[in-house]
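Take a look at the structure set out below.
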Amino acid sequence: MRLILLGAPGAGKGTQANFIKEKYNIPQISTGDMLRAAIKAGTELGMAAKKVMDAGGLVSDDIIIGLVKDRLAQPDCANGYLFDGFPRTIAQADAMKDGGVAVDYVLEIAVPDESIIERMDGRRCHPASGRVYHVKFNPPKVDGKDDVTGEDLVQRDDDKAEVVKKRLDVYHNQTEVLLGYYNTWAQSGQPGAPKYRRIEGVGPVEQIRDSAFAALSK
Ligand code: AP5
Ligand code: ZN
């Protein structure tokens, strides 16, 4: 299984990625998680990315495409992969297509902007695993602790309301165009074209998981 998850910031890509990667036993390639790991490690790339991310902008296509190429070369990607938060621009999508990176499904998780701000405000993350919680909608078993490891959960620096608003603007201006890009490719009937699936992302997390599994089985 090789798939791309598309959706606005806070649509639930990370949340659903955790279910999908387990079901299909494939690695999750989250460019956001990779950048946050680089920030934590204090690398030069991380320092440069932090400024852009804290402002809600997009890290340069060259950096992102380089990161993804290196990641795809690792042996665990041989049997499939799940992209979360990539591609985010036409340039990134073209780089994948031109590089012959195979995609079986593009899964769009649709959530209106009104729901996003509330979701970000209550989000808590376990950076090491990519597991995502919400204080109200998807609470951990023990307040502030990861369900599996018991380690502390953290709040993301870019989840402040004003940065979320900027991220939503950037999504509408630069990333949303990819819905049409992949839809058109899917309908082209060309060899290697992916299947395009759209699911509603509002409702209980498990209900959306079931819709995602159903969408990926046909
Ligand atoms: P990235 O980490 O990719 O962030 P994002 O796309 O903005 O998406 P989020 O991680 O915020 O949301 P999500 O869809 O994963 O939702 P989640 O499951 O967490 O990118 C961060 C930054 O890195 C970017 O702004 C950019 O600067 C840079 N970057 C990354 N990739 C890049 C690229 N390719 N090119 C350039 N720059 C790049 O859920 C959100 C919350 O909602 C959680 O609290 C969750 O528990 C809750 N929730 C989930 N599902 C539900 C539900 N059904 N009902 C209620 N609450 C729910
Ligand atoms: Zn995410």
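Results, tabulated for the structure shown:
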read-out: Leading residue by the ranking (nearest to Glu114 (Cα to Cα)) among those in segment 10-21 that are open to solvent by 10 Å² or more (accessible area, probe 1.4 Å) and near ligand 1 (Cβ under 6 Å from one of its atoms); value: Gly10
read-out: Test set (1) touching a strand residue (DSSP E or B) at 6+ places or on another chain (Cβ under 8 Å); (2) under 18 Å from Asp159 (Cβ atoms); (3) part of a loop (DSSP other than H, G, I, E, B) - Ile26 fails condition number; value: (2)
read-out: Filter pass, Gln155 being surrounded by fewer than 19 Cβ atoms within 10 Å (Cβ to Cβ), among the polar types (S, T, N, Q) and within 16 Å of ligand 2 (Cβ to nearest atom); value: yes
read-out: Segment 92-109 - residue that is within 17 Å of the chain's Cα centre (by Cα) and either open to solvent by 30 Å² or more (accessible area, probe 1.4 Å) or of a type in the set (S, T, N, Q) (or both) and, of those, farthest from Ile63 (Cα to Cα); value: Asp104
read-out: Residue that is farthest from ligand 2 (Cβ to nearest atom), among those in segment 6-58 that are among the β-branched types (Val, Ile, Thr) and closer than 29 Å to Arg209 by Cα; value: Ile26
read-out: Filter pass, Lys21 being basic (Lys, Arg) and within 21 Å of Arg167 (Cα to Cα); value: no
read-out: The one condition in (1) near ligand 1 (Cβ under 10 Å from one of its atoms); (2) under 28 Å from Ala41 (Cα atoms); (3) free of Cβ contacts under 8 Å to residues at least 12 places away in the same chain that Lys145 fails to fulfil; value: (1)
read-out: Residues of segment 168-215 satisfying the condition of being in a loop (DSSP other than H, G, I, E, B), among the small types (Gly, Ala, Ser), touching a residue at least 24 places away in the same chain (Cβ under 8 Å) and under 21 Å from Thr15 (Cβ atoms); value: Gly201
read-out: Count of residues meeting criterion [among the aliphatic types (A, V, I, L, M), farther than 17 Å from Thr184 by Cβ and either within 12 Å of ligand 1 (Cβ to nearest atom) or in contact with a strand residue (DSSP E or B) (Cβ under 7 Å, 6 or more places away or on another chain) (or both)] in segment 76-90; value: 1
read-out: Some residue of segment 118-138 being away from ligand 2 (no atom under 16 Å from the Cβ), aromatic (Phe, Trp, Tyr) and touching a strand residue (DSSP E or B) at 6+ places or on another chain (Cβ under 6 Å); value: no
read-out: Qualifying residue in segment 122-132 (condition: over 21 Å from Thr31 (Cα atoms) and either surrounded by 15 or more Cβ atoms within 10 Å (Cβ to Cβ) or at pLDDT 95 or above (or both)); value: yes
read-out: Residues satisfying the stated conditions in segment 59-86, i.e. open to solvent by less than 30 Å² (accessible area, probe 1.4 Å) and within 16 Å of ligand 2 (Cβ to nearest atom); value: Val59, Ile64, Val68, Tyr81, Leu82, Phe83, Asp84, Gly85, Phe86
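Every residue, every condition in (1) acidic (Asp, Glu); (2) open to solvent by 30 Å² or more (accessible area, probe 1.4 Å), yes or no:
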{"site": "Lys141", "(1), (2)": "no, yes"}
{"site": "Val164", "(1), (2)": "no, no"}
{"site": "Leu168", "(1), (2)": "no, no"}
{"site": "Glu176", "(1), (2)": "yes, yes"}
{"site": "Pro194", "(1), (2)": "no, no"}
{"site": "Arg198", "(1), (2)": "no, yes"}
{"site": "Glu206", "(1), (2)": "yes, yes"}
{"site": "Leu216", "(1), (2)": "no, no"}
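The values are calculated or read from the model by the stated rules, or taken from the named source; none is laboratory data. All values derive from a computational prediction rather than experimental measurement. Positions of Cβ are generated from backbone atoms using ideal geometry, with glycine treated the same way; all protein chains shown enter the neighbour counts. The accessibility values were calculated without ligands, DNA or RNA, using every heavy atom of the protein model including side chains. Shrake-Rupley method; radii C 1.70, N 1.55, O 1.52, S 1.80 Å.
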